[in-house]
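All remarks here apply to the structure that follows.
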Amino acid sequence: MKLFSRSLLVLFFAGATATGLLINSLHAVTSLSPEATKEEQAVMAPITAMFDGMAKRDAAAIKKPLLPGGGLVLMRDGKPTQMTFDAFADAVGKPGKRIEERIHDPLVRVDNDLAVVWAPFDFLVDGKVDHCGTDLFNLVRADGKWLIASVADTDRKDCSGK
């Protein structure tokens, strides 16, 4: 019985320690130091540039912040659809309806020359939310410049902004 109680106590403290570490980790993401905020802004810059190019329907502007040879995996109806960056930029760069993609509450993680951004998004067509989901960007820093290496996203129609 004493062994069982001691094991329970050890498990309790292990769980409490793990919970504390998790909370500390999450806290670090939301309260960034000034240096981290600058790095976060640098990581976000190519994403903003790609979205600006999309809004302008400018294929060259869309491609500029992308790593050549990269691609997208778009989850549509539970199935992955793959597309090269070039095919994506060429398709979105054609004249058409006014589009805009907005992300919010991005989670940015950086390790040296590698970064990941996870962010909920809303995609607007002619000013109205068409779909929403989550974007996942993998970025690399090459020659001091952040580039988007790959993009994955989900696609839902049950958006709160509709």
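The values are calculated or read from the model by the stated rules, or taken from the named source; none is laboratory data. Treat the numbers as computed from the prediction; the structure is a model and nothing was measured. Glycine gets a Cβ as well: all are built from the backbone with ideal geometry, and neighbour counts include every protein chain shown. Heavy atoms of the whole protein, side chains included, go into the accessibility calculation; ligands, DNA and RNA do not. Shrake-Rupley method; radii C 1.70, N 1.55, O 1.52, S 1.80 Å.
Round to a whole number: what % of the accessible area of segment 36-88 belongs to carbon and sulfur, probe 1.4 Å?
Summing carbon and sulfur atoms, their accessible area is 58 percent of the total for segment 36-88.
What is the dipole size for segment 58-162, taken about its Cα centre, with +1 at each Lys and Arg Cβ and -1 at each Asp and Glu Cβ, in debye to the nearest 20?
Roughly 180 debye, rounded to the nearest 20.
Using a 1.4 angstrom probe, figure out how much accessible area segment 58-162 has per residue, in square angstrom, rounded to the nearest whole.
I get 58 Å² per residue for this part.
Which order do you get for W146, W118 if you rank them by accessible area with a 1.4 Å probe, largest at the top?
W118, W146
Charges on Cβ only, +1 for Lys and Arg, -1 for Asp and Glu, centred on the Cα centroid of segment 81-161; of L114, H104, S160, which one is farthest towards the dipole's positive end?
The residue sitting most towards the positive pole is S160.
Length gain on complete extension for the stretch D143 to K97, per 0.36 nm per residue less the alpha carbon to alpha carbon distance?
13.0 nm
Semi-axes, largest first, in whole Å: what does sqrt of 5 times each Cα gyration tensor eigenvalue give for segment 26-162?
Semi-axes (√(5λ), whole Å): 24, 19, 14.
Where the accessible area of segment 100-162 is counted over protein heavy atoms with a 1.4 Å probe, how much of it, in %, is carbon and sulfur?
49
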